[in-house]
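Enquirer: Quick one: the structure is below, questions incoming.
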Number of protein chains: 2
Amino acid sequence: MYRAPLEDIAFTLKHVAGLEAALEIGRFGDLSDDLVDAILEEAGRFASNEMAPLGEIGDRQGARLADGKVTTPDGWPELYRNWREGGWNGLTAPEAFGGQNLPHMLNVAALEMWNSASMAFALAPTLTMGAIEALASHGSDALKATYLAKMVSGEWTGTMNLTEPHAGSDLGVLKSRAERAGDGTYRIFGQKIYITWGEHDAADNIIHLVLARLPDAPAGTRGISLFLVPKFLVNEDGSLGPRNDVFCHSIEHKLGIHGSPTCTMIYGDGRFDPAGSGQKGAVGYLVGEENKGLACMFTMMNNARLAVGMQGVAVAEAATQKAVAFARERTQGKAPAWAGAEKRDGMSPIIEHPDVLRMLMTMKALTQGSRAICYACAHAIDMSHHTEGDEARKWAERAALLTPVAKSFATDAGVDVASLGIQVHGGMGFIEETGAARYLRDARIAPIYEGTNGIQAIDLVMRKLPLSSGGEVAGFLSELREIAERVATSDAALGETAERLRKAIADLEQATTWLLEAQTGGRVAEALAGATPYQRLFGLVLTGAYLAKGAVADVGDGGEAKRIALCRFAAENLLAETAALKDRVISGAASLLAAHAVLS
Amino acid sequence: MYRAPLEDIAFTLKHVAGLEAALEIGRFGDLSDDLVDAILEEAGRFASNEMAPLGEIGDRQGARLADGKVTTPDGWPELYRNWREGGWNGLTAPEAFGGQNLPHMLNVAALEMWNSASMAFALAPTLTMGAIEALASHGSDALKATYLAKMVSGEWTGTMNLTEPHAGSDLGVLKSRAERAGDGTYRIFGQKIYITWGEHDAADNIIHLVLARLPDAPAGTRGISLFLVPKFLVNEDGSLGPRNDVFCHSIEHKLGIHGSPTCTMIYGDGRFDPAGSGQKGAVGYLVGEENKGLACMFTMMNNARLAVGMQGVAVAEAATQKAVAFARERTQGKAPAWAGAEKRDGMSPIIEHPDVLRMLMTMKALTQGSRAICYACAHAIDMSHHTEGDEARKWAERAALLTPVAKSFATDAGVDVASLGIQVHGGMGFIEETGAARYLRDARIAPIYEGTNGIQAIDLVMRKLPLSSGGEVAGFLSELREIAERVATSDAALGETAERLRKAIADLEQATTWLLEAQTGGRVAEALAGATPYQRLFGLVLTGAYLAKGAVADVGDGGEAKRIALCRFAAENLLAETAALKDRVISGAASLLAAHAVLS
């Protein structure tokens, strides 16, 4: 059973991602090291003891739809109530609406724990938090007064309605429409798919944020507006009014995250008449300005993508814990260096076999590397909010640069680690009751939603590398080189880490230069052809660099030997891949683009 | 829907794996090129039209157990009858028992098609073929006379009973026991798990081959005997007699291959009294000699492992077909070089996006590379049976060398390609009705069973590299170098293929030398630490080499341009990984073995 890895989480937050330094200079007000520890510990207790035991039933039972009502798995409504009453939903929300206004880093660490316990369950608050952020940033005072406090407390949940059957990665072609009702409100019509927690039985009201197009809107992405559409209208006194004209038409039968209802939502087909006037359409309220809906979405996209990255970290952590525990208990064969066989039926625990150890160490390194990247991204977001002027702009660029890497590398790691976890279990890994297979099934969606990892790669190469004319990425590479130099003068137990890391950073730098030149030279297709290997290269180098940063952090907590060994394993076994990734970026485009004919 | 890729299959058999040359010198009797084509075409027709349409219902419905009876999915018993009446079960079986004694290559190609259509269904004949082979090689004349003809026709199916809860990869500790009954027969007692198609409703009788231990047997693997245990005893006239004392206790709830019943079988607990004498135990007949059971298993292991490799090829092929078809139809965004957007809502088919093309090309290259490796392995098996003396020994070594690579590389490719196939589908890939997720769920077992891929790597490094004191692998490397030299003087459209391939082969050679020296130097743990990356390196080099062999084969069938483009993509985008894999073998062991402490 999952136990929150509080030591790894706290260490990474403080000594790798930068929280400790920020606390020391009072960057986050009176937030103290002790309070951080207390929050993490309590989140870990809830995730391990309350949430994790209900993860498996959520997978087995799934969400069920009957007569337009969605029933979540046994025990989940109570779990949700207990969770929100713990105040977890408003960790980073504005204090004016009942939130605690804590740094995102803490929420990201908590999200990791919720997702390790049950990714399907954690999706509900993840979506609500995104809706809170969009509303807090762009909603009118009236909308915020009516909705935000209940959403911050978690009494009402939120959803994001973007996708339509024809419009997934390309939102410019969405067809849902909005009409002006004449009283300042709107009427919404259309069908939205893949709406996470679009309907359920765990909250009194559900606040949908819906992208739709006004009749006189320009074509494409410049003609999309954002609307708030509550499941139940809200009376002036804050009590719930009539049912709005939106309902859940069906829920998807998915590979994983079975407990999370993935809904097709129908707006404005006349099933309900909320205004009592016969006027058709779901009642909606504009968020932000007309035709500026996509911009509203973009302001929250960094956080949402990072939250999905945390799903990758979380599932990787849970899968690793399970595989390590199994590999210590299960005995098969006799490993060459194993001395204790006579006590165990002539066999060794399989963790003693080098091949199994390699799988476990790879899982551990990818998990810890992904965690560090995501926490560092959260730190940059926090710093951009707690600094001003050029410094804030610099941190915002850092967050923008790291976001696609965090989302893609961590979610790919989630899939790879979960798959290795099955392999470690042997035949038992394929049996559903073992629980290892669920991690792969759950993890598999994360590289897809909230912008596929291919979309992330395009974002990284085409929009993030050019930030400050390439200055942002150049500055970041300098920081990475400083880490490598610190390693070079550090513990001899780090083996070849310094030279391996230098080499990997040089590969990243060369690939970066090549991509920037390809763009300025108008060779866009070539740049796009290398985007995915480049993104992977970036994540792998960061894994090596952040593990090294942790390994040389002199904090005297007794964990040094483990961190050094993990760092060295990553440097001497995983980083060798950077040369191949660089090569794919720089030399792979011609044969890829020429290969179109193979598939014609 | 899956269509058998007859062109790729026939080309690879004939011009890459060696069938054409063998036919030309009459190596397989009067088997002609035309007959090969006719057999492939008919198999393709059955797989595409009859079998594939029933694959999805098999996944959805699964096998069900009630009152000790297993019901297979709707339509499967009829499908099985039609299939065996087509003569497909006995393609390679001895003519004396109704088989057609055709080369294994043809059966392997047919297995690919059955597994593409439905891996869960194809497992039934796969296991029967293994049982036929074990019985034909080691059974007494009496046993063969009673059982073989019905098994070759497919009227009776076969199973392999090896695994017990405590004994998976390590069969030496199995506990099922056999007692001598005093009349030359035996009584079998024990529990076996993960028995594929151990009980079902598609055949009149089920012939179990069971590993068990006699009371006076030596400990470990030298004390294991093999027994034939029929579900129904067979009367002297060949009719079915009483029910034997074996039954299916439960079936597993698995990640994939839902239509294939994975059974826990109980032997000799007294539920049935087949002898009518009150003497306990399931009636069993010795196959081969007492305590030599594992040797009997080993003779069929090459074929069984290759058959599992074909599952990887097969699922990869089906997943690739599905993804390519989707990527041609689905439109999102506008690709830089796409001219036809005005006809398609301003969007491009996603296959036009370089990132999607990269995924599809990677899928295609891994599929085609795995196919070539597996067919080459089948060819070596065939040649070892159709040659004599030193030549036969040489071909047997080649088959032995290739088997672990074929099994592991193809099954890893199956998982990787199926996972990429989901990614290509975006959100739809995660919805079960789309069908892309099933391929990942099915494929995930293949790297585990029939010897995990980690076990294959140990076999490759510790037992196969030392064949002929390293002479076998050295000779094989020379043949690969000859391919690279042929490329160097071939079509300029092959780009950097020749130099990339030379470099990759050199990496493989260096890693090989290092591993052989590690073994002779007594550094066993270091050799084992590098076994998995070495095995991957081997498969990747073979992929590059066999795609190149196909690309330079001058057969004038019009497919040259496609083969050249695929070969070049693999050489310039995939082969770069060989340097990293070599590095892991040669330089990765120290940090891996030192990392044990991280997990303690």
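A short reminder: the numbers here are calculations on the coordinates, not readings from a lab. A quick note: this is a predicted structure, and the numbers were derived from the prediction, not measured. Here the Cβ is made from the backbone with ideal geometry for all residues, glycine too, and neighbour counts use every protein chain on show.
Enquirer: Computed over the Cα atoms of chain B, what is the convex hull's projected area averaged over all directions, in nm²?
Expert: Reported value for the Cα convex hull: 29.0 nm².
Enquirer: Report Rg(Cα)/(2.2 N^0.38 Å) for the range A:452-593, keeping two decimals.
Expert: 1.11
Enquirer: Hey, another quick one. Assuming 0.36 nm per residue, please report the length gained on full extension of the stretch B:ARG3 to B:ARG81 beyond their Cα-Cα distance.
Expert: 25.9 nm
Enquirer: Please report the spacing between the Cα centers of the range B:170-237 and the range A:1-18 in Å, no decimals.
Expert: 51
Enquirer: How many percent of all Cα-Cα pairs in the range B:41-187 sit more than 19 Å apart?
Expert: Cα-Cα pairs in the range B:41-187 separated by more than 19 Å: 61 percent.
Enquirer: Using alpha carbon centroids, what distance separates the range A:444-460 and the range A:91-138, in Å?
Expert: If we compute the Cα centre of each part, the gap is 21 Å.
Enquirer: Between B:ASP30 and B:LEU65, 0.36 nm times their residue separation minus their Cα-Cα distance comes to what?
Expert: Residue separation times 0.36 nm, minus the Cα-Cα distance, leaves 7.9 nm.
Enquirer: Distances from A:SER468 to the same position in the other copies: list them in nm, one decimal, shortest first, using label points 7 Å from Cα along Cα→Cβ.
Expert: 6.2
Enquirer: Find the percent of Cα-Cα distances in the protein assembly as shown that exceed 42 Å, and round it to a whole number.
Expert: Summing the P(r) tail past 42 Å for the protein assembly as shown gives 43 percent.
Enquirer: Still on this structure, I have one more. Just to verify a number: FRET efficiency for B:THR221 and B:ASP183, C-beta to C-beta distance, R0 = 35 Å, to 0.05?
Expert: The value I calculate is 0.80.
Enquirer: From other protein chains only, count the Cβ atoms within 10 Å of every residue's Cβ in A:527-537, then give the mean.
Expert: Average neighbour count from other chains, rounded to a whole number: 3.
Enquirer: Given contacts defined as C-alpha pairs under 8 Å and at least six residues apart, what's the relative contact order of chain A, whole-number percent?
Expert: RCO, chain A: 12 percent.
Enquirer: Given 0.36 nm per residue, what is the gain on full extension from A:VAL524 to A:ALA590 after removing their alpha carbon distance, in nm?
Expert: 22.5 nm
Enquirer: Where the eigenvalues come from the Cα gyration tensor of the range B:457-499, what are the semi-axes √(5λ) of the equivalent ellipsoid, largest first, in whole Å?
Expert: 30, 11, 5
Enquirer: If the cut-off is 16 Å between C-alpha atoms, which aspartates and glutamates fall inside it for B:LYS334, apart from same-chain ones fewer than 8 positions away?
Expert: Within reach: A:ASP170, A:ASP459, A:GLU526, B:GLU342, B:ASP345, B:GLU352, B:ASP355.
Enquirer: Could you tell me which trypsin sites (Lys or Arg not before Pro) in the range B:147-178 are loop residues by DSSP with no more than 16 other beta carbons within 10 angstrom of their beta carbon?
Expert: B:LYS175
Enquirer: Right, something else. Taking beta carbons within 10 Å but only from partner chains, what does the mean come to for residues A:19-29?
Expert: The mean count of partner-chain Cβ atoms within 10 Å per residue comes to 0.
Enquirer: Ok, one more. Give the calculated FRET efficiency between A:LYS280 and A:ASN235 to the nearest 0.05, with a Förster radius of 30 Å applied to their Cβ-Cβ distance.
Expert: Rounded to the nearest 0.05, the efficiency is 0.85.
Enquirer: Suppose R0 equals 56 Å. What FRET efficiency, 1/(1 + (r/R0)^6) with r the Cβ-Cβ distance, do A:ARG243 and A:MET462 give to the nearest 0.05?
Expert: The value I calculate is 0.80.
Enquirer: Summarise the partner chain shielding of B:432-445 as one whole number: the mean count of Cβ atoms from other chains within 10 Å of each residue's Cβ.
Expert: Average neighbour count from other chains, rounded to a whole number: 3.
Enquirer: Using all C-alpha to C-alpha distances in the range A:1-59, build P(r) with 5 Å bins and read off the rounded percent in each one.
Expert: Bins of 5 Å from zero give 4, 18, 22, 19, 13, 10, 7, 4, 1, 0 percent of pairs.
Enquirer: Quick one: with label points 7 Å out along Cα→Cβ, list the inter-copy distances for A:GLU391 in nm, shortest first?
Expert: In ascending order, 8.2 nm.
Enquirer: By a straight-distance test (C-alpha under 22 Å), which lysines pair with A:LYS144 as possible cross-link partners, with residues fewer than eight away in the same chain excluded?
Expert: A:LYS231, A:LYS292
Enquirer: With a point put 7 Å past each Cα toward its Cβ, work out how far B:LYS292 is from A:GLU482 in nm, to one decimal.
Expert: 7.3
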